[in-house]
Amino acid sequence: MANITAPYPASRFRRMRQSPTLRALQRENTLTTDDLIWPVFIREGENAVTPITSMPGVERQTIDILVRNAAKAAQLGIRVICLFPYIEQSLKTEDCADAWNPDNLANRAIRALKAEVPEIAVMTDVALDPYNINGHDGFVVDGEILNDETVAALVKMALAQADAGADIIGPSDMMDGRIGAIRTALESAGHQKTCIMSYAAKYASAFYGPFRDAVGASGALKGDKNTYQMDPANGDEAIRLVGRDLAEGADLVMVKPGMPYLDICRRVKDTYGAPTYAYQVSGEYAMLRGAIDQGWLDRDKVILESLLGFKRAGCDGILTYFALDAARLLA
Ligand code: PBG
């Protein structure tokens, strides 16, 4: 970009900042409810919620409550909800069979949402961790996370979600080859219209801690996810991964976590021009919300500023636990 700036005083940057009108005129980015994807935690039961200690203000919701909240979200202008199930301990197994059960919690929630609030698009999570006795995203054999066997299971899981009516399939597992395998399976099963948002550049991050509490995977997780999630030190690898997943048929790509990885968002957008999303993850929420609750940060301003940063970094949308708060602020 050519950057021509007259020497002072011909150029005074404050001239264009002197009034709200002039600031609006030169504003480069905006945040709207179209940019928001609301991640929600779901649980079994009826008319009940469970608070999540490490995520104040976020609750696991039963399906009936989810449906009511989704209708509220739609009224506020939110268009996409992303579901994460809290799976009962008794259903967690080594073979993770509940993951592709057509009547599991997530698939029942998808059906309920599509029946009751059809204007909301439903995104899913494809990974084995909520169903896995080991808390890992893939099958574990002798301490190793198997790749190809896991991909075959993820395909079954994605097909069950698409059958239930999911609009966007979200593989978050970081196995190699899963986007191509899922795309091929969706096409041959008649799910040509089902989109895939790949968690393409997903880092092995300490910022996922509160999420693992929320889905009940913290206690279960043995070891770490470093053999499949990315090394936080790497940037070029993220670009290669995103290119790989686009080439395998991803419609949308995601960078995760968000705020510590804004450089990756920008590089992904500049390199591919593809629909690019960031996940403002549970740890980012906990951090901001903790400081807000202490009165150390201005709630409304910091929520909007943190989200606008993703737009400036080139993102087309953001998964955020602040989606409802942000939508109210934008109204
Ligand atoms: C698991 C998954 C994780 C998140 C989304 N899907 C956690 C992990 O990889 O351990 C994290 C989301 C968040 O922290 O808000 N497949």
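The values are calculated or read from the model by the stated rules, or taken from the named source; none is laboratory data. This structure is a prediction, so every number in the text was calculated from the model and none was measured. Virtual Cβ from ideal backbone geometry, glycine too; neighbours counted across all protein chains shown. Keep in mind that these areas ignore ligands, DNA and RNA; they rest on the heavy atoms of the full protein, side chains included. Shrake-Rupley method; radii C 1.70, N 1.55, O 1.52, S 1.80 Å.
Here are a few things to note about the model shown:
- Amide H contacts under 5 Å for Val126, placed H, 5+ residues apart: Gly170, Ser172
- Binned Cα-Cα distance frequencies in the chain - 10 Å width, integer %: 6, 25, 35, 22, 7, 4, 1, 0
- Length gained on full extension, Asn234 to Ser188, computed as 0.36 nm times the residue gap minus the Cα-Cα distance: 13.0 nm.
- Counting every alpha-carbon pair across region 1-98, the share separated by more than 18 Å comes to 67%.
- Per residue accessible area of region 62-122, 1.4 Å probe, in Å²: 44
- Region 260-278 and region 181-201: distance between their alpha carbon centers, rounded to Å: 21
- Share of carbon and sulfur in the accessible heavy-atom surface of the chain [1.4 Å probe, %]: 52
- Gap separating the Cα centres of region 101-138 and region 1-53, nearest whole Å: 31
- On the beta carbon distance between Asp176 and Thr33, with R0 = 41 Å, the FRET formula returns roughly 0.70.
- Only Cα pairs under 8 Å and 6+ residues apart enter the sum, and on that basis the relative contact order of region 269-316 stands at 55 percent.
- Pairs of alpha carbons in region 120-225 whose separation is greater than 25 Å (percent): 19
- Across region 1-126, the mean sequence separation of Cα contacts (distance under 8 Å, 6 or more residues apart), normalised by length, yields a relative contact order of 24 percent.
- Entry note, the chain: relative contact order of 18 percent, from Cα contacts under 8 Å with a spacing of 6+ residues.
- Computed with the Debye formula from one identical point scatterer per Cα of region 185-331, without solvent, the log10 of I(q)/I(0) at q = 0.20 Å⁻¹ comes to -1.26.
- Distant-in-sequence amide contacts of Ala200, defined by a placed amide H-H separation under 5 Å and a gap of 5 or more residues or a different chain, comprise Met254.
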